[in-house]
Amino acid sequence: MRPMQLLAVALFALLSGCASIYPTPPTAVHQPMTARPEARTQAGPANGAIYQTAVARPLFEDRRARHVGDTITINLVERTTAQKSANATAARNSSVTGGITGISRLPLGGLAGLNVEAGADTDFSGKGAAAANNVFNGTITVTVIDVYPNGNLLVSGEKMLAINQGNEFIRFSGVINPNNVTAANTVQSTQVADARIEYRGSGFIDESNTMGWLQRFFVAIMPF
């Protein structure tokens with residue numbers, strides 16, 4: 001029975017590993033990614049009337065997010081362009097010439113007529129260039145997870161799309177100034193401070209684009 005028990009444990013561990021072969025990718029956005037609104041306290045006894053002071057909002061108050069648990073839509077309009085180039089050139093020449101005359105009375109007179117010449121040339125040229133162009137458009141609705149003393153809103157949220165046999169994750173977090181929120185309860189991502197935007201995936205397609213762990217090990221230790 002002991003070998004059978006060991007085999008059962010091994011199969012269970014293998015199945016557990018297969019279930020988590022495509023785990024949820026890690027994130028760097030502010031946590032938590034959602035928050036429940038605080039329970040509203042009843043200001044007075046419930047008398048059965050339609051109007052209740054504890055849950056009522058002013059008649060002309062807009063629906064912009066301002067409390068923990070409120071939602072707000074972020075318009076992702078990110079576009080970044082960067083370009084860098086460098087060029088360096090250096091050159092250096094040197095020469096040395098020397099000789100011994102034909103004076104034979106010197107202790108080293110036997111070296112008369114010996115000439116020595118030496119020279120060195122050094123040349124260096126270097127050139128480098130880098131360019132990047134990134135575009136990220138879309139929308140995501142996030143939740144207010146904290147309200148700062150000055151009224152700014154800390155928001156965070158995630159959108160997951162299951163496509164065939166893989167998952168796509170869009171995550172966003174940042175600090176919003178309520179004055180930038182429109183009447184439609186939206187804000188541009190370029191107006192969000194400390195913005196953290198992620199687009200990650202999991203599945204066999206994402207795994208096929210990732211370098212294996214053994215290859216990454218050898219790349220890390222190779223000296224050249």
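By the gyration tensor of its Cα atoms, with a ≥ b ≥ c the square roots of the eigenvalues, what is the shape of the stretch 131-224: rounded for a/c under 1.5, prolate for a/b over b/c, or oblate? Prolate, because a/c is 1.5 or more and a/b exceeds b/c. Between the beta carbons of VAL96 and ALA220, assuming R0 = 45 Å, the FRET efficiency works out to 0.45 to the nearest 0.05.
Based on the Cβ-Cβ distance from ARG66 to GLN165, what FRET efficiency comes out when R0 is 35 Å, to the nearest 0.05?
Values: r = 41 Å, r/R0 = 1.17.
After rounding to 0.05, the efficiency reads 0.30.
When each of the peptides 152-160, 140-148, 119-127 is scored by the mean number of other C-beta atoms lying within 10 Å of its residues, the order from highest to lowest reads 152-160, 140-148, 119-127. Net charge of the neighbourhood of LEU154, taken over other residues with C-beta under 10 Å away and scored Lys/Arg +1, Asp/Glu -1, is -2. If you take all other residues with their beta carbon under 13 Å from the beta carbon of ALA91, and give Lys and Arg +1 and Asp and Glu -1, the sum is -1.
The numbers here are math on the coordinates, done by the rules we state, and not lab data. For clarity, every value in this text was computed on a predicted model and none was experimentally measured. Cβ coordinates were reconstructed from backbone atoms using ideal geometry, including for glycine residues, and neighbour counts include every protein chain displayed.
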